[in-house]
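Peer 1: First the structure, which I've put down as structure tokens, then a few questions once you've had a look.
The values are calculated or read from the model by the stated rules, or taken from the named source; none is laboratory data. Model, not experiment: these values are computed from the prediction. Methodologically, a virtual Cβ is constructed for each residue, glycine included, from the backbone with ideal geometry; neighbour enumeration extends over all protein chains shown. These area figures cover heavy atoms from the full protein model, side chains too; ligands, DNA and RNA do not enter into them. Shrake-Rupley method; radii C 1.70, N 1.55, O 1.52, S 1.80 Å.
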Amino acid sequence: MTTTIQTLEPAERPLQIMSSRLEGELLEVSMGPQHPSTHGVFRMNVALDGEIVRKLKPVFGYLHRNHEKIGENMSYLGSMPYTDRLDYFCSMTNNWAYALSVEKLAGIEVPERAEYLRIILAELTRLQNHASLLGFLLSDMGAWGTPLMYAFREREKILDLFESLSGSRMMCDYMRFGGCRVDASADWLAGAKKIVDAFPKFLDEFEKLIVENEILIARTQEVGKLSADLAISAGITGPMLRACGVNYDIRKVDGYGFYPRFKFRIPLGEHGDTYDRLMMRALEMRESIGILKQAFEQIPEGPIMNPKVKIRGFRPPVGEAYGRIEAPKGELGFYLISDGSPNPYRYRVRPPSFINLTILEDLCLGHTVADVMVILGSVDIVMGEVDR
Amino acid sequence: MSDIDEELRSELQRQGIWVTSMQELYNWGRKNSIWPLQFGLACCAIEMIATAASRYDIARFGGEIFRPSPRQADLMIVAGTVTKKMAPQIVRLYNQMPDPKYVISMGACAISGGPFKQGYNVLKGIDRYIPVDVYIPGCPPRPEALLHAFMELQRKIDEQKLTGAGKAAHLDRTHPSEFPVPAFGAHDLEPAANADVFRPMKIERT
Ligand code: SF4
């Protein structure tokens with residue numbers, strides 16, 4: 001370096017001394033795979049100019065578990081427990097997306113009560129996913145521990161429901177082609193209703209803590225802005241897309257399941273920044289509560305399995321199908337090609353968080369390195385789904 | 001030094017005098033302040049967080065402080081699927097932890113590859129490269145199971161000797177505290193297992 005010691009006269013100092021000294025010399029930092037805020041084993045190679053991010057290269061594959069390859073060597077039903085482990089926060093919605101694709105492939109009808117149960121469980125999943133996301137995001141922001149504890153308190157209640165219904169807290173393996181595995185008793189429904197009725201109290205409390213919090217606003221507003229054009233051309237889905245103001249929710253667009261029978265609104269953001277993405281989750285939880293309340297009222301009695309479906313030796317006809325649902329993180333789709341054998345010929349997962357992650361560099365450029373963690377947290381990734 | 005007459009001890013205790021040995025005091029302190037490394041790999045890590053969170057509260061057992069830096073951690077909870085891409089990093093993290101250090105292998109994946117055992121990229125058990133103290137089966141193990149493993153580890157620490165022939169490994173200078181980091185070979189990790197550490201179960205058929 002050729003810098004000589006300057007005189008101490010303030011007027012003679014060149015402005016922006018930091019950036020001029022570091023010009024052309026970027027510092028490369030490898031964040032992850034062991035990092036408290038990367039939500040699993042994710043690595044980012046960040047080139048920093050001072051504290052400002054100039055380049056960001058994500059490195060994937062630390063949790064590549066060969067999900068798709070294993071799926072091609074499994075019977076159709078054998079893959080169902082594996083889908084639990086894709087996005088391990090939301091096993092119920094993963095089950096549903098997979099069951100939906102196979103049902104499309106083989107042309108299977110689902111009984112009415114099973115459709116209602118699916119909606120109830122999917123919306124409960126959305127509640128606990130968004131609640132834990134808010135907790136994680138706030139602890140990434142430095143509110144270490146406390147918000148996460150509150151969020152997990154609520155999550156545990158919903159996990160208890162999952163456990164009493166399916167036998168497992170996280171890996172529910174609940175849905176089957178043409179229905180669901182076990183029926184929900186009247187007690188279970190009453191218990192679920194009680195928990196859902198109490199949920200807005202948690203939301204009120206949480207929102208009071210965060211919505212107008214000065215630190216939170218300073219850390220999230222105008223940080224990681226995503227334009228609607230970029231979001232659409234990059235294939236972003238879910239709350240991240242809606243935070244940019246694009247009205248696209250597969251529950252409305254496709255109307256799968258019985259969603260057309262329900263009244264609910266799609267919250268939309270305006271700015272596409274981290275704050276909007278955060279608030280999107282809080283608002284979606286309120287809509288989910290509305291859907292759940294309607295479902296508890298409308299759910300009919302009846303069978304939960306289509307009796308015509310053969311569980312053993314299940315062979316769908318030759319063909320292909322793509323089934324998708326609005327998972328809590330975005331569009332979750334399964335693309336299956338059948339050659340008439342008991343195993344799928346091709347089994348492909350369209351994971352929402354992987355595709356939402358592709359624009360991470362665009363969001364982070366020009367922000368400080370501390371903001372990268374907040375932006376990453378607001379994308380809502382789960383590595384099991386990203387790397388598969 | 002550890003052989004205190006129990007009768008005498010309780011007699012003294014009644015008089016308001018507490019007698020203990022260096023070893024008991026040392027182990028008591030150590031076993032009640034095990035700081036785990038904040039390190040999650042996959043689904044099991046979520047159960048690990050649940051164990052640390054409000055309902056299960058691992059803080060009751062002295063493990064509340066999850067340290068993100070291996071330099072400040074005593075316990076590595078390998079929670080999740082270890083892929084071949086991640087295995088060298090895990091061994092490196094283990095090497096960076098100061099002695100004494102312990103490992104809990106949480107979940108089917110960390111024990112043997114679990115449901116993903118057939119996967120070409122999945123390591124079939126972290127005990128191929130680092131020594132494991134407690135194994136917890138399950139997919140994922142419940143938080144109670146992790147707490148049980150934690151208590152087992154406390155029991156193990158309580159029994160460690162400071163001196164003599166069977167003294168604890170970290171006090172034994174001949175015992176390695178770092179293990180070679182596997183490298184990526186042409187097809188697989190090399191070596192496939194560290195022979196000093198990996199003791200697979202022998203199946204005897206009669
Ligand atoms: S043991 Fe099961 S829950 Fe744990 S990481 Fe493996 S697949 Fe996930």
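Peer 1: Residues A:Ser139, A:Ser75, A:Ser132: which one is hydroxyl-bearing (Ser, Thr, Tyr), within 12 Å of chain B (Cβ to nearest Cβ) and open to solvent by 10 Å² or more (accessible area, probe 1.4 Å)?
Peer 2: It is A:Ser139.
Peer 1: Check whether at least one residue in the stretch B:117-129 is touching a residue at least 60 places away in the same chain (Cβ under 8 Å) and within 11 Å of the ligand (Cβ to nearest atom), and report yes or no.
Peer 2: Within the stretch B:117-129, none of the residues are touching a residue at least 60 places away in the same chain (Cβ under 8 Å) and within 11 Å of the ligand (Cβ to nearest atom).
Peer 1: Considering only the stretch A:345-356, state which residues are among the aromatic types (Phe, Trp, Tyr) and open to solvent by 30 Å² or more (accessible area, probe 1.4 Å).
Peer 2: A:Tyr345, A:Phe354
Peer 1: Among the residues of the stretch A:282-330, write down those that are surrounded by 16 or more Cβ atoms within 10 Å (Cβ to Cβ), of a type in the set (Val, Ile, Thr) and more than 27 Å from A:Val246 (Cα to Cα).
Peer 2: Once the filter is applied, which keeps residues that are surrounded by 16 or more Cβ atoms within 10 Å (Cβ to Cβ), of a type in the set (Val, Ile, Thr) and more than 27 Å from A:Val246 (Cα to Cα), the stretch A:282-330 yields A:Ile299, A:Ile304, A:Val309.
Peer 1: Can you confirm whether the stretch A:323-340 contains a residue that is closer than 30 Å to A:Gly32 by Cα, in a loop (DSSP other than H, G, I, E, B) and of a type outside the set (Phe, Trp, Tyr)?
Peer 2: Within the stretch A:323-340, one or more residues are closer than 30 Å to A:Gly32 by Cα, in a loop (DSSP other than H, G, I, E, B) and of a type outside the set (Phe, Trp, Tyr).
Peer 1: Same structure again: Please go through the stretch B:47-106 and pick out each residue that is within 16 Å of the ligand (Cβ to nearest atom) and free of Cβ contacts under 8 Å to residues at least 12 places away in the same chain.
Peer 2: Once the filter is applied, which keeps residues that are within 16 Å of the ligand (Cβ to nearest atom) and free of Cβ contacts under 8 Å to residues at least 12 places away in the same chain, the stretch B:47-106 yields only B:Ile49.
Peer 1: To continue, here is another question. What number of residues within the stretch B:119-167 satisfy the criterion of being among the aromatic types (Phe, Trp, Tyr) and within 14 Å of chain A (Cβ to nearest Cβ)?
Peer 2: 1
Peer 1: For the structure I just gave you, tell me whether A:Ile375 is hydrophobic (A, V, I, L, M, F, W, C) and either within 25 Å of A:Leu105 (Cβ to Cβ) or free of Cβ contacts under 8 Å to residues at least 40 places away in the same chain (or both).
Peer 2: Taking the combined requirement at face value, the residue does not satisfy it.
Peer 1: When both residues are 6+ apart or on different chains and their Cβ atoms are under 6 Å apart, which pairs have a first residue that lies in the stretch A:154-172 and is free of Cβ contacts under 8 Å to residues at least 24 places away in the same chain and basic (Lys, Arg), and a second that is within 16 Å of the ligand (Cβ to nearest atom) and assigned to a helix (DSSP H, G or I)?
Peer 2: What qualifies is A:Arg169/A:Leu159; A:Arg169/A:Glu163.
Peer 1: Which condition number in (1) at the interface with chain B (Cβ under 9 Å from one of its Cβ atoms); (2) under 24 Å from A:Leu292 (Cβ atoms); (3) open to solvent by less than 10 Å² (accessible area, probe 1.4 Å); (4) not aliphatic (A, V, I, L, M) is the one that A:Arg126 fails?
Peer 2: Condition (1) is where A:Arg126 drops out.
Peer 1: A follow-up question, please. Considering every residue within the stretch B:134-157, establish whether at least one is over 16 Å from B:Ala79 (Cα atoms) and among the basic types (Lys, Arg).
Peer 2: Checked against the condition, which is being over 16 Å from B:Ala79 (Cα atoms) and among the basic types (Lys, Arg), the stretch B:134-157 yields at least one hit.
Peer 1: Hey, another quick one. Among the numbered conditions (1) within 30 Å of A:Glu72 (Cα to Cα); (2) away from the ligand (no atom under 16 Å from the Cβ), tell me where B:Glu11 comes up short.
Peer 2: Every listed condition holds for B:Glu11 apart from (1).
Peer 1: Show me the helices (runs of 4 or more DSSP H) entirely contained within the stretch B:19-97 in which 2 or more residues are of a type outside the set (Asp, Glu) and within 12 Å of chain A (Cβ to nearest Cβ).
Peer 2: Qualifying helices (runs of 4 or more DSSP H): B:43-52, B:87-96.
Peer 1: With respect to the numbered conditions (1) more than 16 Å from the ligand (Cβ to nearest atom); (2) modelled with pLDDT of 90 or more, which one is the sole condition not fulfilled by B:Ala145?
Peer 2: Going through (1) more than 16 Å from the ligand (Cβ to nearest atom); (2) modelled with pLDDT of 90 or more one by one, B:Ala145 breaks only (1).
Peer 1: Another one. Would you be able to say whether some residue in the stretch A:152-165 is part of a loop (DSSP other than H, G, I, E, B), under 17 Å from A:Arg118 (Cα atoms) and under 21 Å from the mean Cα position of the chain (by Cα)?
Peer 2: No, there is no match, as no residue in the stretch A:152-165 is part of a loop (DSSP other than H, G, I, E, B), under 17 Å from A:Arg118 (Cα atoms) and under 21 Å from the mean Cα position of the chain (by Cα).
Residue-by-condition table, conditions (1) of a type in the set (Phe, Trp, Tyr); (2) crowded, with 24+ Cβ neighbours inside 10 Å; (3) farther than 17 Å from A:Met31 by Cα:
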{"site": "A:Leu332", "(1), (2), (3)": "no, yes, yes"}
{"site": "A:Asn343", "(1), (2), (3)": "no, no, yes"}
{"site": "A:Leu363", "(1), (2), (3)": "no, yes, no"}
{"site": "A:Gly384", "(1), (2), (3)": "no, yes, yes"}
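Peer 1: Could you tell me whether the stretch B:110-118 includes any residue that is assigned to a loop (DSSP other than H, G, I, E, B), away from chain A (no Cβ under 11 Å) and modelled with pLDDT under 90?
Peer 2: No: the stretch B:110-118 contains no residue that is assigned to a loop (DSSP other than H, G, I, E, B), away from chain A (no Cβ under 11 Å) and modelled with pLDDT under 90.
Peer 1: Select from the stretch B:141-153 the residues that are touching a residue at least 60 places away in the same chain (Cβ under 8 Å) and open to solvent by 20 Å² or more (accessible area, probe 1.4 Å) and write down the one among them that is nearest to B:Asp57 (Cα to Cα).
Peer 2: B:Glu144
Peer 1: Still on this structure, please answer the following. Return yes when A:Asn94 is in contact with a Leu (Cβ under 9 Å, 6 or more places away or on another chain), within 14 Å of another protein chain (Cβ to nearest Cβ), more than 21 Å from B:Val91 (Cα to Cα) and not acidic (Asp, Glu) and no when it is not.
Peer 2: The answer is yes for A:Asn94.
Peer 1: Report yes if some residue within the stretch A:33-51 is open to solvent by 20 Å² or more (accessible area, probe 1.4 Å) and aliphatic (A, V, I, L, M); otherwise report no.
Peer 2: Within the stretch A:33-51, none of the residues are open to solvent by 20 Å² or more (accessible area, probe 1.4 Å) and aliphatic (A, V, I, L, M).
Peer 1: Any idea how many residues of the stretch A:365-376 are more than 14 Å from every other protein chain (Cβ to nearest Cβ), assigned to a helix (DSSP H, G or I) and either out of contact with any Cys (no Cβ under 9 Å at 6 or more places or on another chain) or open to solvent by less than 10 Å² (accessible area, probe 1.4 Å) (or both)?
Peer 2: 6
Peer 1: Might you check whether a residue that is in a loop (DSSP other than H, G, I, E, B), open to solvent by less than 10 Å² (accessible area, probe 1.4 Å) and under 19 Å from B:Asn27 (Cβ atoms) occurs anywhere in the stretch B:157-174?
Peer 2: Within the stretch B:157-174, one or more residues are in a loop (DSSP other than H, G, I, E, B), open to solvent by less than 10 Å² (accessible area, probe 1.4 Å) and under 19 Å from B:Asn27 (Cβ atoms).
Peer 1: Right, another one. So, of the residues in the stretch A:148-185 that are within 16 Å of the ligand (Cβ to nearest atom) and open to solvent by 40 Å² or more (accessible area, probe 1.4 Å), which turns out to be nearest to the other protein chains (Cβ to nearest Cβ)?
Peer 2: A:Glu163
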